1. By the scheme Lys and Arg +1, Asp and Glu -1, what is the net charge of all other residues having a beta-carbon under 15 Å from that of Y256?
2. So for each of 444-452, 527-535 I average, over its residues, the number of other beta carbons within 10 Å; can you give me the resulting order with the highest mean first?
3. Please work out, to two decimal places, the log10 of the ratio I(q)/I(0) at q = 0.12, 0.20, 0.21 Å⁻¹ from a Debye calculation in which every Cα of region 97-242 carries one identical scatterer.
4. Among I403, N68, I452, which residue has its Cα furthest toward the positive end of the charge dipole of the chain, with +1 on Lys/Arg Cβ and -1 on Asp/Glu Cβ?
5. Counting only heavy atoms of protein chains, what accessible area per residue, in Å², does the chain have with a probe of 1.4 Å?
6. If you average the alpha carbon positions of region 478-513 and of region 314-339, how far apart do those two centres end up, in angstrom?
7. I need the chymotrypsin sites (Phe, Trp or Tyr not before Pro) found in region 379-419, filtered to DSSP loop residues with at most 15 other beta carbons within 10 Å of theirs.
8. Once label points are set 7 Å from the Cα along Cα→Cβ at both A483 and L566, what is their separation, rounded to one decimal in nm?
Amino acid sequence: MNTQTAETTLAPPHAGPALLPLSRSRMAQWLIFIITAVLVLAPALPILLQVFVGGPLYEREWDFTFANIGRLLGNEAIGEIALTTLVFAGLTTVIAQVLGVAAALLFGRTDMPGRRVMGDMMMWPLYLSHLIMVVGWLIVYGPSGFLTQAVARIFGEAPWNLYSIPGMALVAGVSQAPLAYLYCLYGVVRSIDPTLESAARTCGAGPLTVMRRVTLPLMLPAIVTSSALNIVIAVEMLSIPLFLGRPARIDTLSSYLYLEGIGASNPQHGMVAASAMVLVVLVGATLALQRLLLSKGHRYETVKGKGTRPAPLQLGALKWPLFTLAVLYMVFVVLVPILGLVLRAFTSYLTPLIPIWQVLTLQNFKDVFQTDAYMRALWNTVVIALAAAGLGTLLTALIALVIQRSSFPFRRTLEALAYSPRMVPGLITGLGVFYAAIVFAPFGWLRDSIWILVVAYIMATIPLGLGAVQPSVVQIGADLDKAARTIGADWITSMRRILLPLMKPALLGCFVLLFVVHLKSYVVAIFLMAPGLEIMGVTMLGLWENGAAGVTAAFATLQIVMIAILLIAARLVFGVKLYE
């Protein structure tokens, strides 16, 4: 059977490597490579340049210097902020992992009553932005929150304080626990060979001992991967440190960059860029550590050729105590902050001192719908999310096809480029695009239009989209497109007629995933805001900082409704579940 590719078969007689004309397939692959390289490198290079330029990049004369690095190394505050960031990220990750792993074990491996419903509720914080979660927590558990006041009336003082590093880490950990739950449940727990646990039970081990000595060690790769992601997300997190840390004068690197880059009357661009590099180094070190820890992943193989039938682990006498703990968690940690946020949107004031029915109002929603800037934020958010999700899905699908199904000589370089934005926090991507619009003319043409936000969103989420699409390409047999090529189809035709139609479910899932992410995203857009470019997240950030809690809650409620409708429609109409 002739297995030569069409690109090779149709090549002209040898005339010297430099004179060979490029086929249209090779030109398409080069075009995909160049677009990806530009999108990935364009935000990074201007930030690196700004580190070594004395003044702002928008000044005509550039004065190259190492002074910014010197000021960074000599600034004691930066060292303290970096240490605070590490402590906050570490504590957040510990809380998220403990909650997520425990939920994966209880809901995925045991006979606990109601585990399916509670498993779905466990995912709710992942669908919402950190901004919405922290606003909900402040409305209920903040210093003047509803439950804080109610508890203080009874006991004199509430036993919690959100304006502290543990308080920040608790809110952040609860927000990120679904990520650990997702990786552990679908990555490992549901594929563990139950005979291993049964063998331990026959030796007299109880259910908790089986989980601790058998199930938990097998989950180590998923725990390491989700821990690395949670550390990265905690390091770049903005709204929680900003809302909970600033009142107590606690800064992390992200809140410092936000206040120096946006809040300062005379921003020190060199220091901001140099500090951004510290953030990138922290994220890069975390991902490198993850690769090192997983370098011997074969030790955790649990899926063998012999088929097994998963069986839930019997909890015995622990069933109802653990069920009670899980219900309390779902009610007070997941449900109450979201309900408090929605209730605040429909009230003029929320306090246990006044009956709720006396303060019910629709004024917060009227303010949203009667203000042009707020309506523009709603419209811009939807348009940007649709455009970025559509174009991002198309781009990541093409990247995946070049990586997996072409003989393009730089396909491994393309894969490394496509996944490299994982090292760049969203805040830094936005800052990089802001600088790129100053330095590179094509990006400058996009300034003051929503397309600069679309480009920034696509840049930031290439790894996410590729992670959703690439496995589906791997699962499609290579014989299908090879057969098309043997009858004359080139790479473009075989991909368009064979691969892309078979990838439709994965492409639809990728689009829904990216749309939800873009709908709740705001960190990438912070440095790119201009009159007319308002989006929901940044508008909520400004409203909360100005004390407009009711309108912020109304905005957040509208975003929750939009995401809920999208997820329900995707599941009912297209059968798409984001986490399966």
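1. That sum, taken over residues with Cβ under 15 Å, equals -2.
2. 527-535, 444-452
3. The calculated log intensity ratios at q = 0.12, 0.20, 0.21 Å⁻¹ are -0.61, -1.14, -1.20.
4. I403
5. Heavy-atom accessible area per residue stands at 47 Å².
6. So the two Cα centres are separated by 45 Å.
7. Filter output for region 379-419: F410.
8. About 3.8 nm separates the two model spin labels.
The values are calculated or read from the model by the stated rules, or taken from the named source; none is laboratory data. From a predicted model like this one, the values you see are computed outputs, not experimental measurements. Using ideal geometry, Cβ is built from the backbone for each residue, glycine included, and neighbour counts are taken over all protein chains shown. Areas reflect the complete protein model, heavy atoms only, side chains present, ligands, DNA and RNA absent. Shrake-Rupley method; radii C 1.70, N 1.55, O 1.52, S 1.80 Å.
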